[in-house]
Amino acid sequence: MGEYHIRIVNVNKSFGPVEALKNVSIDIPRGNFTTFLGPSGCGKTTMLRTIAGFYELKEGEIYIGERLINRVPSHQRNAIMVFQDYALFPHMNIGENIAYGLKIKKIPNEEIKSRVEKTTSYLGIQGLEKRNPGQISGGQQQRVALARALVMEPEVLLLDEPLSNLDAKLRMNIRAELRQIQKRLGITTIYVTHDQAEALALSDQIAIMDTGRIIQSGTPWEIYYKPLNEFVADFVGTANLITGRVSESSDKYLLLDIDAAQIMIEEPNLSVDTGSTVTLCIRPETIEIFKGMPEDKTNVLKGKIVNYIFEGSQIRYWVEIDQKKVVVDSFDPSEKGIYEGEVAIRFHPKKMHILYGKE
Ligand SMILES: Nc1ncnc2c1ncn2[C@@H]1O[C@H](COP(=O)(O)OP(=O)(O)OP(=O)(O)O)[C@@H](O)[C@H]1O
Ligand SMILES: [Mg+2]
């Protein structure tokens, strides 16, 4: 048994006929930032609410530390949830909103004052205490909701898409702040989002969910470079999924026949039998693009650019190869200019990942 802070074992949860959680198990180490990532309706909020204690847990077990918390009431779990809609109390000012939980716990006024001050300064929302929720911006409201939770100094923080209502730039800023605060305070945090970029940027561990199940869990790096199946490959980042038939196989390399050509994979992550069909995940930034034919023709395919987007630091191309579109990211366009028409692309022999999980 590894070191864990939260342990979730075989948890099931149904709402009538809807199986919102199916046999969910995961260990979360102390001080870790774990994100449940998945499409709308996959069970993320249900997972958080179950940990927070808002649903009765009939099937499965949840431990916080050594303590089985199945029957522990929500307010005794030392786990605080920030809700998806982060509703602030409209009839209280910001200071009262943040102090509310501490008042309920009958913490002395002096201590409340100092903890509220400390938390608001952490989050950069000092000076708003006397305003009402309607008199601050959406981004500030979101931070107040976070402050309301952090001020309680919980052992476990449960955050349900807390940045969803912010504009892109503010989201990036608060994302960075949130990660810093979480690290500094060492609070074990469970985060829920459908935004894959957010999950990659924030997490120590990501659990990919689909229709109530955890499909794969691992570090952001593992999830991005070693996706288990097409669902994960496609949900996190951009994936070129290419299917072919294995024509030669050893532990050092593998030859794959695809429609247009033969591809060589060096150091394949999986040993597969000759004659079997496999699907590769190839990330756009690992593919090289050439105006003419390069000298070394290993893994080079000829194609035609059908679309591109110039994004400043990079260009994203859609290259058609045998009626299939391959996405290629090319960095620093200032050097090469923008390619159009006929091109060649090369798959890096060591940067292709064979998907090995069943769909
Ligand atoms: N109280 C409820 N009663 C009945 N069905 C529910 C209830 N809460 C959730 N569900 C259903 O359970 C499933 C999971 O819902 P959940 O809210 O956990 O999804 P989610 O991953 O948080 O989605 P989103 O990204 O849209 O917030 C969905 O099919 C949803 O319709
Ligand atoms: Mg939700």
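The values are calculated or read from the model by the stated rules, or taken from the named source; none is laboratory data. In this text, all values refer to a predicted model and were calculated from it rather than measured experimentally. Cβ atoms come from the backbone with ideal geometry, glycine included; neighbour counts cover every protein chain shown. To get the accessible areas, we keep the full protein, side chains included, count just its heavy atoms, and leave off ligands, DNA and RNA. Shrake-Rupley method; radii C 1.70, N 1.55, O 1.52, S 1.80 Å.
List of remarks:
- Selected from GLY31, GLY60, GLY292 as most flexible by GNM, with the chain as the system and alpha-carbon contacts under 10 Å: GLY292
- Carbon and sulfur %, accessible surface of the chain computed with the full protein complex present, 1.4 Å: 48
- Inter-part distance where the range 41-120 and the range 162-228 are each reduced to a Cα centre, Å: 20
- Using alpha carbons only, the radius of gyration of the range 1-116 set against its Kirkwood radius gives Rg/Rh = 1.02.
- Taken along its principal axes, the alpha carbon cloud of the chain reaches lengths of 75, 47, 36 Å, longest axis first.
- Once the Cα-Cα distance is subtracted from the 0.36 nm per residue extended length, the ASN109 to GLN135 segment shows a gain of 6.8 nm.
- Here the range 240-354 was treated as a single set of alpha-carbon atoms; its pair distances binned every 5 Å from 0 give 2, 12, 22, 24, 17, 12, 7, 3, 1 percent.
- The range 215-232 - phi-based ³J(HN,Hα) in whole Hz, Karplus 6.51/-1.76/1.60, Gly and Pro as x: 7, 7, 10, x, 5, x, 4, 4, 5, 6, 9, 10, x, 6, 8, 4, 4, 5
- Residues considered: SER164, SER247, SER334. Largest GNM mean-square fluctuation over the chain, using C-alpha springs under 10 Å, is found at SER334.
- On a per residue basis, the range 240-354 carries 53 Å² of accessible surface, using protein heavy atoms and a 1.4 Å probe.
- The chain, helix-only ellipticity at 222 nm - DSSP H runs n ≥ 4, -39,500 (n - 2.57), divided by all residues, nearest 500: -7000 deg cm²/dmol
- Ordering of 5-13, 269-277 by packing is 5-13, 269-277, highest average first (other Cβ atoms within 10 Å, averaged per residue).
- Ordering VAL18, VAL236 by accessible surface, largest first, gives VAL18, VAL236; the 1.4 Å probe counts only protein heavy atoms, with every chain in place.
- Entry note, the chain: relative contact order of 15 percent, from Cα contacts under 8 Å with a spacing of 6+ residues.
- If the chain linking GLU230 and ALA87 were pulled fully straight, counting 0.36 nm for each residue of separation and taking away their Cα-Cα distance, it would gain 47.8 nm.
- The range 240-354, relative contact order in percent, only Cα pairs under 8 angstrom and at least six apart counted: 30
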